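The values are calculated or read from the model by the stated rules, or taken from the named source; none is laboratory data. Remember, predicted model here, so these are calculated numbers, not experimental data. Here the Cβ positions follow ideal geometry from the backbone for every residue, glycine too, while neighbour counts run over all protein chains shown. When the accessible area is computed, the model is the full protein with side chains, heavy atoms only, and any ligands, DNA or RNA have been set aside. Shrake-Rupley method; radii C 1.70, N 1.55, O 1.52, S 1.80 Å.
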Amino acid sequence: MINYIKRRLPSGDFQHDLPNSGSITPKELLNHSEIQSNKSKILFIIDEHYVDWKKYFKDRKLFADYDIRIEQATFNEIGLSAHSNGGISIGINTFRSGIPVIRSFHPDFVLVRQYVKDVDVNWINIILGMQYGAVPSINSMRALYNFQDRPWIYAELCQIQRRLGAEKFPLISQTYYPNHRKMFISPPYPSVIKIGHAHQGLGKILIKNTYDYHEITGIIEISQCYSTIEPYIPGRCDIYLQKIGQHYKALRRTSLSNNWKANIGSCIIEKIPLTERYRLWLDEVSQIFGGLDLCAIELIQTNDGKEYIIQINDCTMQLIGENQEEDYRMIADLIVHKMEIYCRPNEQVTILTRISSFDQLPKFSSNDEEKPSSNGNIRQTLDRIYTINTLNNLKQTFSNLFNQMNVK
């Protein structure tokens with residue numbers, strides 16, 4: 001009978017937390033909830049399910065004796081409420097044995113690896129809620145908000161180029177149009193038009209003549225999107241630079257297909273030496289929007305050796321090459337390091353600005369006076385409320401079950 005009751009419970013958390021014994025009391029349930037809350041920190045990872053993040057945090061501890069509890073979901077599975085005095089409540093819609101359940105929790109730290117905005121989706125409302133609840137994250141919610149649109153990012157790169165000069169920061173030239181109305185002057189050919197904000201080559205079109213250009217402007221008029229135009233630069237390869245915390249990497253991607261988009265079709269990816277020039281670009285990019293813990297730069301290298309920066313990516317960057325497992329573990333190391341700063345037990349960290357490197361992380365003395373955490377108090381209060389609601393749901397389930405048995 002107890003298995004039947006478990007399946008009927010509306011809450012995934014309670015079902016997950018049920019002790020193995022056949023009977024539970026409200027006191028035992030409350031104590032179990034408090035132990036789980038006080039001796040573990042919840043890391044919420046927004047990513048596709050084919051990446052198993054739990055294995056990268058196996059047997060890892062915070063502050064010597066705190067477990068890291070992993071919760072993973074995609075944006076479309078998330079329900080959220082945020083509180084003005086700090087903290088958020090997450091509900092994840094899942095299915096167990098074909099029955100829809102909601103798994104609820106209060107994250108201490110968040111990693112975002114899924115695109116916030118793409119061709120047909122925009123999850124910025126979730127980012128707003130997390131910023132509202134002041135939850136620390138990688139990258140910061142401020143940075144994720146600023147990465148909504150490519151022209152906004154490009155404008156920030158222009159600031160770097162004006163400061164360093166075009167020789168030291170070779171950003172590709174570009175023209176922006178908010179709509180189709182001013183697109184009556186044809187650009188030099190060939191050119192590349194990018195429509196709206198998309199990823200992985202979507203919305204990018206190569207135009208070779210005036211006929212192509214006018215056809216595309218008609219599509220832009222219907223789409224009601226902004227667009228950018230940049231010269232098409234044929235290259236012998238792409239260079240992919242990435243920065244994870246203080247770890248830098250440079251990769252060369254050589255296409256084996258005849259497609260003008262290097263990320264389409266087969267290609268050869270090989271690791272290349274990281275030059276001081278590449279390191280400078282990554283350091284500069286990692287400082288924008290308050291700091292980026294994870295970032296990547298894509299550039300094209302021409303046949304004569306010239307290089308042009310095409311675009312940059314944030315924490316949703318692709319991990320490519322043969323050492324992706326190493327990259328995932330470096331991200332896990334970075335998260336643990338950050339969580340030990342922002343999620344200290346019984347202490348409220350007031351420095352919530354983003355920090356882009358380990359050298360700039362604040363050092364906490366072991367003799368620091370402990371202060372009560374307002375976020376921790378909120379979380380404990382919410383846990384108690386959730387426990388009470390769960391008990392009420394259990395009582396209702398028992399009542400319905402016995403009523404059905406009496407009818408029979």
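Some points to look at:
- Scan region 176-204 for residues that are out of contact with any Ser or Thr (no Cβ under 8 Å at 6 or more places or on another chain), at pLDDT 90 or above and not in a loop (DSSP other than H, G, I, E, B) and the total you get is 2.
- For region 275-305, taking the residues that are of a type in the set (S, T, N, Q) and loosely packed, with under 13 Cβ neighbours inside 10 Å, the one that is nearest to Thr316 (Cα to Cα) is identified as Thr275.
- Some residue of region 200-220 being under 27 Å from Asp283 (Cα atoms) and not β-branched (Val, Ile, Thr): yes
- Residue match in region 253-274 (condition: open to solvent by less than 40 Å² (accessible area, probe 1.4 Å) and closer than 17 Å to Ile312 by Cβ): yes
- Identification of helices (runs of 4 or more DSSP H) wholly contained in region 1-106 with 3 or more residues that are under 24 Å from Glu340 (Cβ atoms) and either open to solvent by 10 Å² or more (accessible area, probe 1.4 Å) or at pLDDT below 85 (or both) yields 26-38.
- Matching entry among Tyr240, Tyr248 (being within 13 Å of Asn313 (Cβ to Cβ), part of a strand (DSSP E or B), among the hydroxyl-bearing types (Ser, Thr, Tyr) and modelled with pLDDT of 90 or more): Tyr240
- Pairs where the first residue, in region 263-289, is farther than 23 Å from Leu157 by Cα and the second is of a type in the set (A, V, I, L, M, F, W, C) and assigned to a loop (DSSP other than H, G, I, E, B), C-beta under 7 Å, 6+ apart: Gly265/Leu256; Ser266/Leu256; Cys267/Leu256; Ile268/Leu256; Ile269/Ile320
- Selection from region 306-342 of residues that are open to solvent by 10 Å² or more (accessible area, probe 1.4 Å) and among the β-branched types (Val, Ile, Thr): Ile310, Thr316, Ile320, Val336, Ile341
- Among the residues of region 130-158, those identified as under 19 Å from Ile78 (Cα atoms) and more than 14 Å from the chain's Cα centre (by Cα) are Tyr132, Gly133, Ala134.
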